[in-house]
Each structure stands twice: as C-alpha cells, then as structure tokens.
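Down below is the structure, laid out as structure tokens.
What follows draws every value from the coordinates through simple rules; no lab data is involved. Just so we're clear, the structure is a prediction, and the values are computed from it rather than from any experiment. Every residue, glycine as well, gets a Cβ built from its backbone with ideal geometry; the counts of neighbours run over all protein chains shown.
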Amino acid sequence: MEPKASDKDRRNPALDIIRKGSVITIITLISRPLGYIREAIQAYLFGATALVDAFIVAFNFPELIQTLFFSGATSAFLIPVCTKYLNEREEYSRIYSTFINISIILTLFVSLLFFVFSSTVVRMIAPGFTEPAKVITNNLFLIMIPVISFHTVLSVMKAFLNAKEHFAAPELSGILWNLFFIASAVLLGKELGIYSLAIGVSAGSLAQIIMQYPYLRKYGIRYHFTVDLKHPSVKTAQSLFTGALIATSIVPINSFVGRVIASYLPHGEVASLSYAFRIFILPFSLFAVPVYTVMFSKISKLFHDRDLQGIRAHIDSSIVLMCVTLIPATILLCTTGDLCVKVLYERGAFTPADTAMTNRALFGYGIGLIFYALSISFVRVFNAMHDMKTPALIGITSIALNAIIASVLMVPFRNFGIALATSIVSLYNFCFLYAILKSRTGYSIARGAMRDIIKSLLAGIILTMAIVGARRLLPGGLFVPLIISAFLTIVIYGIFFGSYYKKFLHRR
C-alpha cells in the first residue's frame, strides 16, 4: 500500500520541508532581485547620504513598531492557535475575522498617537541628526505611519494561510510591494525627491493586503464584521501574546538600536548598514526563511498531536538544511562581499568609498549568518510548543548585550562593530535556546545530523582557502571572480554532499 503523505513526511521531514519551502525559495528568487533593483535605484538617485539616512530611520520606526507589537507576535502565537480549528471552516473564519478586527482597532489607535506626537518620536529615534534632517525625517515618518496597520493586517492573513500550509500568497505580496516602491521612485523621484520612496512604501503595503483576498477565499476563509472576544482562541492567544511579543521583538529591536547608535557616526553610516543588511538577508531569505516557516507550521501540528519524535526529527532536518546552505553562503559573503556591493550599488551617487563602507558592515553581518538563522528558528520551535516566555527572557538580556557591544565596538570599528554586535548576540541567543531545549525535552542533535554539520564546516574551510587563493591569483574585475567563487562553492559542496542532494532529487 502507498504510504500517506503524512507518513512520508514523518519518515523524511527534510523532504517535506524542501518540498513546501521550495515555493518560498522560488518566490524569493524573484522578489529579492527586485529588492536589489529597488535599492540600486534608491542608491542611484540618492546615494548614501543624509537624505537616505532620514528615510531609513523614518521607515524603520513604524516597521519596528508593527513588528514589535503586532505582526511579529501575531505570526508567533496565531499559527499555534489556528492549528486547533483547521478542520472547522466556520470557526476558522470566525476567529480570522476576530483577529483582523482586533488588529485594525489597535493599530489605528497607535497610528493616531504617533501622528499627534510625531516630532517627539523623531527626536527620540534620530538624536544625532541635524535639525533640517529631523524635519525631513518627521515628514517621511508621517507618510509611512499607515504601514503599521497595513502590515499587521497582512500578518494575520499570513498566519491563517500558513496554518493551512499555504505559503505562496504572502511571499508573492513582497514582489508587489517592490514594484510599487520602484514605480514611485522612478515616476515621482524627480518631482518629490526622497518623499517618493515613502509614498511607494505605503501604497505598496496597501496593495499587499488586497492581493491576499483571492487566496483567502480559495481556502474558504471569509471575513465577517465580528469581534468575538469570548471565543476560546482569544483566551489562548492572550496567554501566549506577551511572551510572543517580547520574543519576536528582539531582532528588530537590536537592529533598531544599532541604527540609533550609528546615527552618531558620520553621514552615510546608517545607510551603509541598511545596504549591507539587504545583501546579508538574501541567503537568509532564500534558505532559512523557507525552512523555519514550514518547520513552524509542522511542529505546531506535531505538538498538538504530542509527537515528540516527529518534532525532534524536524528540528534536526532544519538545522542540517541551514548548515548545508548558510555556511557556504557565509563564506561567499565574507570573501566576495566587496564585489557584490560593487555590482549591486556602485553607480551614480554611490561611490567607491560607499562600497568600502558598506562592505565593512556586510562582513560584520555575514560572520553570524548561520547563528542569526538558527536563533530565529529556535524561537519558532519554542513558539510552536506554546512556550513564548523562554525566548522572551533570553531576548531581553540580548537587547542589553547588543547595546553594550555595539556601543563599545562602534568606537574603533564604526559600522563594522555595530554589525558584528548583531552576529555576537545571535550566537548568544542560539546557544542559550539550544541548551534550555535540551535540558527540558532531552533533545540533542542526532549523530547523523551532527556528522553532516561537521562535514559542512570542513567543506567551508576548504572553500574559504580556495576562494581566497583564487582571488589572489586572478586578475581584477567583477564578474569573473564572482563566477569562479560560485563555481568553487558548487564543486566543493557537491563533493561533500553529492549523495545528500541526490537523495532529494530522486524523490517526488
């Protein structure tokens, strides 16, 4: 008899993660290049200047607020809550509508407060800016305040779709957002200047919401004008919300704190951190996000079924998949980062000095890529098992640690020190989360998984020496060293993991 899909997935969780996560990867392969086109247009029009610093700070704050208090926490606690009602269509739509309406009411209230006290907010988030820069930052901030509501509503839609194991629509919306941003910059840039970027951000965020409706209807998820605060799902959500709020806010808070500290550095340092992070986040989005997104939904169901063996297998598979993909990605970022920055940004107002400054930050971020991914993934593991408090408590200590390290390292190393602080804190978070999970559940990385991790590290050492040697022997240029570095990565990791890749290619 042919085994059921669920039985296959339990025996081979890596195959299940790859099959479902590949949808996200494919969409990301389209979305991220658009993101770099967006950044390249921004760099071409405005360079790494005080105007871009103002836009980044003004955009990051509403983005930070909605991630901190709404969208990040929403994804963390709603998927475990949704899992219980997957097979009850009317109940599913009812709790969907309840959480949509709650999010609208709360975010509109918060947005109104920020609108009234915008000048105070700007003085807080950009203390090192000049007065003219603060005025521009304030205007940009006002234009982008609606992002708080738009992205929060989108996160609720995403959670209910992801719980149904549908991942495409929320990821596709990122493409639409990029298109709106690019169109606004190109069509309105000359007339409105830096304000064209803010208009593109808000218009694109609204378009993302509209895009979800056909997919929600396809899965029978209907919106009703109702707020059922007595529904059991609301009570469950309340018990999970505070921990989820704190745990998911750590990464954006640390990033935001780093950029506030960077506002005391010379002009362009904040922008360089943003440009570097955009490059750093590409391998993370391609390989880590699909893995932990699928893993989160899957472990939520396995926890509901009390399948501890299945949970352990999915964690092991996720760690191996990340190591096999993100360790070589780390090496490429650190050894060819300067070439990547030149290809993507060095044109127009973006100078070679901007390239060198951005590459320093990219190296600092790149060192901690694997730990950045693993720390977020382990937060999701705890969330899936309805434990929001543990990641929250560790995260609180990491905020203070990040601020201290960034402040200390900023003095001798400038933007590199701030980026490096992010990597150090990511390692700290992962180590503590792993240790606590092991002490509570007895989980430890399986012998086979550990063997694959060690193989990836060994392959990475060989790859590093090969790329550094090749760059010293090869003449200057951009594309030839990049192509050869990519070729060396494929060959070396193909030798070490050829059988691993074939195992998945030969299965459907």
*Rounded to the nearest 0.05, what FRET efficiency is calculated for PHE413 and ARG472 with R0 set to 35 Å and r the Cβ-Cβ distance?*
0.90
*Mind running the shape call on segment 251-342? Use the C-alpha gyration tensor, a ≥ b ≥ c as the square roots of the eigenvalues: rounded below 1.5 for a/c, prolate if a/b tops b/c, oblate otherwise.*
oblate
*Over 43 Å [Cα-Cα, the chain], rounded percent*: 14 percent
*At a Förster radius of 25 Å, what calculated FRET efficiency corresponds to the Cβ-Cβ distance of TYR264 and LEU188, to the nearest 0.05?*
0.20
*Run the quick spin-label model on LEU482 and GLU90: label points 7 Å from Cα toward the beta carbon, then report their separation in nm to one decimal.*
5.7 nm
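Exposure proxy check: GLU88, GLU346, GLU171 ranked by fewest other beta carbons within 10 Å?
Ordered by Cβ neighbours within 10 Å, fewest first: GLU88, GLU346, GLU171.
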_Run lengths n ≥ 4 of DSSP H only: what is the helix-derived mean residue ellipticity at 222 nm for the chain, with -39500 (n - 2.57) per run over all residues, to the nearest 500?_
-29000 deg cm²/dmol
*asked:* Quick check: from the Cα gyration tensor, does segment 413-493 come out rounded (a/c under 1.5), prolate or oblate?
replied: oblate
*Hey, rough spin-label estimate for PHE117 and LEU457, points 7 angstrom out along Cα→Cβ, what's it come to in nanometres?*
4.8 nm
*Take the Cβ-Cβ distance between CYS431 and ILE105 as r, set R0 to 51 Å, and report the resulting FRET efficiency rounded to the nearest 0.05.*
0.80
*Hey, fewest Cβ within 10 Å first, where do MET144, MET295, MET385 land in order?*
MET385, MET144, MET295
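Rank these for me by crowding, THR120, THR98, THR137, going from fewest to most other beta carbons within 10 Å.
The fewest-first ordering by Cβ neighbours comes to THR120, THR98, THR137.
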*If each of GLU165 and GLN309 carries a label point 7 Å out from its Cα toward its Cβ, how far apart are those two points in nm?*
2.0 nm
_Of LYS235/LYS389; LYS164/LYS235; LYS164/LYS455; LYS158/LYS342, those spanning more than 27 Å from alpha-carbon to alpha-carbon_ = LYS164/LYS455; LYS158/LYS342
